[in-house]
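Student: What follows is a structure written as structure tokens; I'll ask about it next.
The values are calculated or read from the model by the stated rules, or taken from the named source; none is laboratory data. Here the structure is a predicted model, which means the values were calculated and not measured. Here the Cβ positions follow ideal geometry from the backbone for every residue, glycine too, while neighbour counts run over all protein chains shown. For accessibility, only protein heavy atoms count, side chains too; no ligands or nucleic acids. Shrake-Rupley method; radii C 1.70, N 1.55, O 1.52, S 1.80 Å.
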Amino acid sequence: MEAASGIASVRPTSVEETRYRDLVKAHVFPIVRDFGVVRHPGEADGEEVLLVALYVAAQDERDRPFVVDRFPSDDEADDVPHGVGWPTRWGDQTHWERPEVIQMHLARGRSGGAPSAATDEGLSLETEASEDLEFLESQPEWEDWGWYAVQAVPTGRPGVQDFHGEFREQARRWRGLRPDGFDLNLDWDLNPLGPRLASLLTRQGTIIRGSGVTTAGALAYPDFLGWAQSPMGAKRAELDTVILNPWALVEFTFEALRFVYECVAPAMARHPPLGWHVRAEVRHFRERVPVSLRLNLGRGPALDTVSATIDQHTVRVQGTGDPGRDAFSLLARVYGDVFGRGEREVPFAQAGRIDPELFAPSR
């Protein structure tokens with residue numbers, strides 16, 4: 001048993017119970033359950049004094065370890081040092097991961113890869129998905145153009161086995177159905193970025209989480225989604241509109257979901273999801289360089305085009321595990337909601353699904 005050699009009392013008027021609670025809530029992860037502030041009044045040198053005890057009940061084993069992100073300081077004016085940090089360099093930028101994310105990964109490592117009990121409580125999969133969209137939005141190359149993303153969010157408490165090891169190698173070996181098709185191009189670049197694996201190319205980016213949340217985005221730019229519709233490498237000031245190539249839009253959507261269902265999902269066999277939510281994200285299709293969609297395939301003049309009617313939009317559907325069916329469901333809504341066209345305009349489709357045989361025969 002340990003005994004304190006001395007106890008410093010405080011004046012009762014200096015104790016603000018809410019401040020203690022707020023400090024613990026802000027700097028200890030995950031949330032501390034049954035936290036209390038206990039007051040022990042007394043007298044010293046003729047004055048009323050107070051002994052304050054912070055009471056912490058026994059915590060659930062599944063919540064461990066607890067992370068404290070700041071060291072205490074006697075001088076409130078001091079720049080209080082960080083107690084834990086996870087910096088990642090990316091070019092000339094430094095990304096500092098949030099402490100609750102660090103705790104989540106420490107908990108997964110401690111439990112042999114299983115998600116911690118705090119995952120749903122402290123950092124939901126939907127939060128991860130939103131953060132990754134904003135991460136793409138923050139890339140310097142993306143600030144002048146509209147962009148499109150396909151996202152898959154698992155449900156339940158899933159996890160990718162050996163995320164930074166074998167899974168990363170499998171993802172880097174992943175190939176699209178066509179050798180030079182509109183796919184994710186993960187063989188070019190897929191590196192750890194905090195808790196993510198990220199491939200950030202000039203015109204497209206893919207982000208994968210250890211939870212299985214996957215985001216694949218691409219610029220509405222002549223070199224990719226607008227392939228062969230405008231001068232390649234054109235600058236923003238040189239274009240009145242960006243015309244999307246429907247082949248690129250459809251193939252990219254299909255390939256993103258094929259990667260999720262045929263590469264990410266199999267790596268989650270030990271901690272499988274209950275299901276998937278899939279979505280298509282449209283950003284800045286009007287306020288930046290206006291975006292139009294070509295309605296006929298081919299490399300000739302894009303005579304038949306329609307302009308985007310809204311600037312930003314999200315399409316959400318329940319995943320089925322079939323990349324062709326889910327890609328068609330997303331694209332039918334994008335064609336309708338964003339461009340005002342019917343699902344019959346979606347190319348490479350038959351019987352309610354995108355058929356890869358129509359754009360990648362004899363694969």
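Student: Which of the residues spanning the stretch 307-344 are charged (D, E, K, R) and open to solvent by less than 60 Å² (accessible area, probe 1.4 Å)?
Tutor: The answer is ASP311, ASP322, ASP326, ASP337.
Student: Now a separate question. When you check PHE259 against the structure, is it in a loop (DSSP other than H, G, I, E, B) and under 26 Å from ALA198 (Cα atoms), yes or no?
Tutor: no
Student: Here's something else I'd like to know. Any residue in the stretch 268-297 that is at pLDDT 90 or above sitting within a Cβ distance under 6 Å of a residue that is in a strand (DSSP E or B) and among the basic types (Lys, Arg)? List the pairs, counting only those 6 or more apart or interchain.
Tutor: ARG279/ARG316
Student: Same structure, new question: Considering (1) closer than 25 Å to THR320 by Cα; (2) open to solvent by 30 Å² or more (accessible area, probe 1.4 Å); (3) part of a loop (DSSP other than H, G, I, E, B); (4) at pLDDT below 90, say which one GLU126 fails and leave the rest.
Tutor: Answer for GLU126: the failing condition is (3).
Student: Of the residues ALA152, ALA198, ALA234, only one is touching a strand residue (DSSP E or B) at 6+ places or on another chain (Cβ under 6 Å), surrounded by fewer than 24 Cβ atoms within 10 Å (Cβ to Cβ), of a type outside the set (Asp, Glu) and not in a helix (DSSP H, G or I); which?
Tutor: ALA198
Student: Just to verify a result, which residue in the stretch 201-213, among those that are of a type in the set (A, V, I, L, M, F, W, C) and modelled with pLDDT of 90 or more, is surrounded by the most Cβ atoms within 10 Å (Cβ to Cβ)?
Tutor: ILE208
Student: Is at least one residue of the stretch 241-248 closer than 21 Å to ASN296 by Cβ, at pLDDT below 95 and surrounded by fewer than 19 Cβ atoms within 10 Å (Cβ to Cβ)?
Tutor: Within the stretch 241-248, one or more residues are closer than 21 Å to ASN296 by Cβ, at pLDDT below 95 and surrounded by fewer than 19 Cβ atoms within 10 Å (Cβ to Cβ).
Listed here are the residues, each with its yes/no results for (1) at pLDDT 75 or above; (2) under 22 Å from the mean Cα position of the chain (by Cα); (3) surrounded by 15 or more Cβ atoms within 10 Å (Cβ to Cβ).
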site: HIS27; (1), (2), (3): yes, no, yes
site: PRO30; (1), (2), (3): no, yes, yes
site: TYR55; (1), (2), (3): no, no, no
site: GLU61; (1), (2), (3): no, no, no
site: HIS82; (1), (2), (3): no, no, no
site: TRP90; (1), (2), (3): no, yes, no
site: LEU106; (1), (2), (3): yes, yes, yes
